[in-house]
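Everything on this sheet refers to the single structure shown next.
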Amino acid sequence: MTTGRRAVLPAHLRADCAACTGLCCVVPPFDAQQGFGFDKPAHTPCPHLCGDFKCGIHADLVDRGFRGCTVFDCHGAGQRVSQQLFPGQDWRDSADTARQMFGAYERMRGLHDLMALLYTASVHVDDARLTAQLDAIEHQSKHTPPDQIDAAELKRTTMALLADPAIRAALQALR
């Protein structure tokens, strides 16, 4: 049963690379075996990241071995960190700013992944608990400093909710 919600994620849960400071090109590690062209340690800028935070090989990512970049999605965590949590700041300005922004991105990315998952489930399953959990995570991500959010607990409660027999059966019926 559908809920009347659109299956397209809302804008705040879609990546907007133009509003980000290239966090996905710096914060996570790259693994060549997972389609990232080469191995790169976490918190290290990709050498293809340009000064304007754009990718210098964007038009040739697949040909250059970076298929992983073409499918990666931060679900809006990058612009949340860059525009809302650290407006006007640049991780390149200081090690302290970088540490704070990178930590916030890591936490927000997990929360945005959970929100995208909950939103998608709530499109297909009419269960108020899904929307309530989504609203709770969105509220925390907007009103609580990232280092004070218990992301592990939010993930646990979200996964437990999605494993609920009624929700699980409704989602499996979509196959």
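Taken together, the values in this text are just the output of simple stated rules run on the coordinates, not laboratory data. These numbers were taken from a predicted model, which means no experiment stands behind them. Cβ sites come from the backbone with ideal geometry, for glycine too, and all protein chains shown count toward neighbours.
Once you put a point 7 Å from the Cα of T144 and another 7 Å from the Cα of A11, both along the Cβ direction, what distance in nm separates them?
2.7 nm
Over the C-alpha atoms of segment 11-172, what are the Rg and the largest Cα-to-Cα span, Dmax, in Å?
That works out to 17.0, 50 Å for Rg and Dmax.
Students often get this wrong: which residues of segment 127-142 have the backbone nitrogen under 20 Å from the point 7 angstrom along Cα-to-C-beta of A173?
Only 127-132 fall inside the zone, counting backbone N under 20 Å.
Given the convex hull of the Cα atoms of segment 104-175, what is a quarter of its surface area in nm²?
4.5 nm²
Under the rule of -39500 (n - 2.57) per DSSP H run of 4 or more residues, summed and divided by the residues of the chain, what mean residue ellipticity at 222 nm is obtained, to the nearest 500 deg cm²/dmol? The partial results should precede the final answer.
Numbers: 5 runs with 71 residues, N = 175.
Mean residue ellipticity at 222 nm (helix-derived): -13000 deg cm²/dmol.
Going by how many other beta carbons lie within 10 Å of each one, how would you line up V71, V27, fewest first?
Lowest to highest Cβ neighbour count: V71, V27.
When Lys and Arg each count +1 and Asp and Glu each count -1, what net charge do the other residues less than 13 Å away from Q133, Cβ to Cβ, add up to? Don't skip to the answer; put the middle values down first.
Details: positive: R129, K155, R156; negative: D127, D135, E138, E153, D164.
Cβ neighbours under 13 Å give a net charge of -2.
Using the 10 angstrom Cβ neighbour count as an exposure proxy, how do Y105, Y119 rank, fewest first?
Exposure proxy ranking, most exposed first: Y119, Y105.
Which of S122, S94 comes first, and how do the rest follow, when ranked by fewest Cβ neighbours within 10 Å?
Ranked by crowding around the Cβ, least crowded first: S94, S122.
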